[in-house]
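Written below as C-alpha cells is the structure these notes are about.
The values are calculated or read from the model by the stated rules, or taken from the named source; none is laboratory data. Computed from a predicted model, the values in this text were never measured in an experiment. Quick reminder, even Gly has a Cβ in these numbers, built from the backbone with ideal geometry, and neighbours come from all protein chains shown.
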Amino acid sequence: MKVLITGAAGNLGSRLARRLVGDVDGLRLMVHRSPLPKDLALAASVEIVQADLGLPETLPAALANVDSVVHFAGVLFRPRPERFLPETNTRWFSNLVEAALRADVGRVVLVSFPHVEGPTTPQQPATGRLDREPISMHARTRLEEERLLFARTEGTTTTPVVVRSATVYGRGILMVEAARRLARWHLLGVWRDPTVYHLIQTEDFLDAAAAAAIKPGVHGIYHLGDERPVTIQEFLDEATAVWGLSRPWRMPWWTIRSAAIACELFATAFGTSAPLTRDFVRLGRVDHWGDTRRMRAELLPILRYPTLQQGKETLR
C-alpha cells in the first residue's frame, strides 16, 4: 500500500507520517511551504512531493499510484477565518477529491472533529450526522468538506472515510504547548461555565488514524475519543498540575472574547499569526462528545490511555 499525507509538515501530519514509516510499502508526503522535519525528510521509505491544493494542476503527480490519502492540510492561526476558510478548507479539499477520483485512489480519509454536529454530550453524542448547523466557521466548513466527500465519491471506486477526532492532547501538540507557555507567564485563563470535552491522547489518535488509512474494510464516519468526559477547566487544571504551574484563571466570557478580538486586530495590523480568534473561542466553548463504538469495533479496540488520569503524564 502507498499512502499520501497532505499537510505532512504540520503538527499532526508529521506525527502520523512517523507512525506509518515502516508500516506501508510507500509513504508520500505532500508539502507546500513548510519543510518536513529532518528525520522524515531523510527516511529511506519516504517520498516528498511539492504541491499546492489551491492549484489543481500540481496534484496529479502527487496522487499518482496512491492507494490511500489522509488529509490534514489547511490554514490555522490567521485572523478573520471566515474570510479564508471557505477557500482553504472547502475549495482546496474539493480540488483534492477531484484529483483523487481522476487518479482512481482507493480511499480518501478526512480528519475532522465532532463539533460539526454542534453541541453534543455523553448522553446525546455525535453519531455521524451530516445535517447539523454548527455555530463556528471552522466547524461549518469542515462539515461542508464531509458532505462533499460523500457526495463526490458516491458510485465511484473511491471509499470515503471521515475520522472525527476528539481534542488531541500530549506533549508537543500545538494548543497544549500554547497553554503551557501562557501558564508559565501566568496568563492562562478559561471561561467559568463548564464545557464538556472529549479527549484522545496523541498515541491513541495516531493508532486510530493509521488504521483508518490502511486497514481493510474501513468506510464511513468514525468518532475517535477516550472513555471519560472531562471539562476544559478540569483538563487545564490537570495539565498545569503536571507542569508544576499555577492553575488557569477563571475569567468572565467577555474577557476572553475581548482578548481574541485584540489578538486578531494585532495580527491584522502587523501581519503576524493569530493563535486566538473569535471563531476558535466559539469552537472551544461547544460541548462535544462522539459515539466511539465504531472506532472500538473497527479501528482501535484497546486504548493505551482510556482516561485523562492515565494519560496526563504524557503532557510532561
Enumerated strands (runs of 3 or more DSSP E) restricted to region 157-267, each holding at least 1 residues that are touching a residue at least 60 places away in the same chain (Cβ under 8 Å) and buried (at least 18 other Cβ atoms within 10 Å of the Cβ): 159-165, 167-169, 189-191, 199-201, 220-224
Any pair with Cβ under 7 angstrom, 6 or more apart, that starts in region 39-50 at a residue that is surrounded by fewer than 16 Cβ atoms within 10 Å (Cβ to Cβ) and ends at one that is part of a strand (DSSP E or B) and charged (D, E, K, R): E47/R28
Long-range neighbours under 7 Å by Cβ, at least six apart or interchain, first residue at pLDDT below 85 within region 270-284, second among the small types (G, A, S) and surrounded by fewer than 18 Cβ atoms within 10 Å (Cβ to Cβ): P275/A178
Given (1) closer than 29 Å to V162 by Cα; (2) touching a helix residue (DSSP H, G or I) at 6+ places or on another chain (Cβ under 6 Å), index of the condition T292 fails: (2)
Considering residues of region 1-34 that are closer than 23 Å to T58 by Cα and of a type in the set (D, E, K, R) only, the residue surrounded by the fewest Cβ atoms within 10 Å (Cβ to Cβ): R33
Index of the failed condition, S94 passing every other in (1) out of contact with any strand residue (DSSP E or B) (no Cβ under 7 Å at 6 or more places or on another chain); (2) under 26 Å from H288 (Cα atoms); (3) of a type in the set (S, T, N, Q); (4) touching a residue at least 12 places away in the same chain (Cβ under 8 Å): (2)
Boolean, S14 is among the polar types (S, T, N, Q), touching a Pro at 6+ places or on another chain (Cβ under 8 Å), in contact (Cβ under 8 Å) with a residue 24 or more places away in the chain and closer than 26 Å to H219 by Cα: yes
Condition met for T88 (within 27 Å of E154 (Cα to Cα), out of contact with any strand residue (DSSP E or B) (no Cβ under 6 Å at 6 or more places or on another chain) and modelled with pLDDT under 95): yes
Some residue of region 142-150 being part of a loop (DSSP other than H, G, I, E, B) and over 18 Å from the mean Cα position of the chain (by Cα): no
